[in-house]
Ligand code: SF4
């Protein structure tokens, strides 16, 4: 069992799905950088595409995603039209360069759009971008409202990976987070996804939810396993109603405290590894036959905006409102507001409005943080501030959470829940950043 050191977890830290993190983005970066990034893509460079659908049938109270209610058909149709125009624009700047090896649909809930709209969108992407022979397609699915028709559209599109938003199976906890989905709804979604050809199925789960105790968490882990999930992402709920107003509906008094949250993270890790799941990074788990477990065994795991992944592409192109792209020299983010995003695209302009340049020194730091989080080890000898970094990490060392081999920083098994806090010491922005993050556990 992990040991709880509150002092070492006291500082709120980023999740490091990118480095620098989105909190450091500024509006000095925009369309010109996006254009330069696209024009720098190599002729046959593998690229990964992310498509953001910022709509959901029902909005969950805890959700921090950029999404809104899919209650107006015309609004969705207009958004999809602009998305289609953005596909043309971006492909135009690529001018035949690059090979798309992956397309991920996320949100929001991609199944908030109609099956026919999804078919058209996939077809548009496949016919407009230069595609690898068999690109890997994945979709995030909300089990609520997921039906055989959408599953058929997925099968027709060749989707083989899916991620289900589950969070918890407990009806009482579901009621106080505003996400009611009976067991049968999730069971039915799993059945439809398997019949549609999904071979790698992830469940998103959460700990630290209101009214959630150890028994409720364990039950959710067990039911996920019984339903045959291939991967689990077990996130800690971050309650930040001052940043995410919809969370005000959640009663803060019913949330587990920090020691309980830590214990729940440990419980999930212990229970799942005890059942033979392969831990991936600090909060993902995979069945041994799943490609993500293979990537973990072969030390190929990477970290991108969707979490721990076996996607090895350096160039990620984000399409849709708020989507983030990663190019060789910059990270750029599209306009967040769907209406303004549509207006930009409608005038024939790329949608990037903020971001950050990533010169070699930042890329080095980003690579080391990624290696530490994904592989549990990073050689920091090339960092100009390696001495102060080592000094700041001394308490983690005294607590036997990390160990040094020369300048190689190794996260010990006991240090896993502290991974983000250790990584934050390599982050040159942390001292100056005013952004607010969640606690590491
Ligand atoms: S379905 Fe997912 S994206 Fe939509 S509101 Fe709920 S948690 Fe957020």
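Odds and ends about this structure:
- Ordering of 266-272, 422-428 by packing is 422-428, 266-272, highest average first (other Cβ atoms within 10 Å, averaged per residue).
- Taking the DSSP beta bridges with both ends in the chain, the antiparallel portion is around 45 percent.
- Judged by the ratio a/c of the largest to the smallest principal axis of the C-alpha gyration tensor, the stretch 1-136 counts as oblate, that ratio being 1.5 or greater while a/b is no larger than b/c.
- For the stretch 21-356, fraction of C-alpha pairs farther apart than 29 Å, in %: 38 percent
- Within the stretch 310-441, the percentage of alpha carbon pairs spaced more than 19 angstrom apart rounds to 59%.
- Between residue 226 and residue 244, full extension at 0.36 nm per residue minus the direct alpha carbon distance yields a gain of 3.1 nm.
- Three-way shape call for the stretch 1-72 based on the alpha-carbon gyration tensor, with the a/c threshold at 1.5: oblate
- For residue 78 and residue 12, the FRET efficiency from 1/(1 + (r/R0)^6), where r spans their Cβ atoms and R0 equals 30 Å, is about 0.20.
- The chain: relative contact order in percent, alpha carbon pairs under 8 Å with at least 6 residues between: 23 percent
- Extension gain for the segment residue 59 to residue 253, taken as residue separation times 0.36 nm less the Cα-Cα distance, is 67.7 nm to one decimal.
- For the chain, the mean residue ellipticity at 222 nm estimated from helices alone is -11000 deg cm²/dmol, where every DSSP H run of n ≥ 4 contributes -39500 (n - 2.57) and the total is divided by all residues, rounded to the nearest 500.
- Computed with the Debye formula from one identical point scatterer per Cα of the stretch 179-233, without solvent, the log10 of I(q)/I(0) at q = 0.17 Å⁻¹ comes to -0.57.
- Straightening the chain between residue 275 and residue 172 buys 34.5 nm, computed as 0.36 nm per residue apart minus the Cα-Cα spacing.
- Between residue 343 and residue 180, the FRET efficiency from the beta-carbon distance, with R0 = 41 Å, is close to 0.70.
- Ordered by the number of other Cβ atoms lying within 10 Å of each residue's own Cβ, fewest first, 392, 52, 26 fall into the sequence 26, 392, 52.
- Residue 27 versus residue 381: modelled label distance in nm, points set 7 Å from Cα along the beta carbon direction: 4.5 nm
- Taking the alpha carbon gyration tensor of the stretch 242-294, multiplying each eigenvalue by 5 and rooting it gives semi-axes of 30, 15, 8 Å, largest first.
- Calculated from the alpha-carbon coordinates, the stretch 203-345 shows an Rg and a Dmax of 18.1, 52 Å respectively.
Coordinate-derived values only; no laboratory data. For clarity, every value in this text was computed on a predicted model and none was experimentally measured. Every residue, glycine among them, receives a Cβ derived from its backbone with ideal geometry; neighbour counts consider all protein chains shown.
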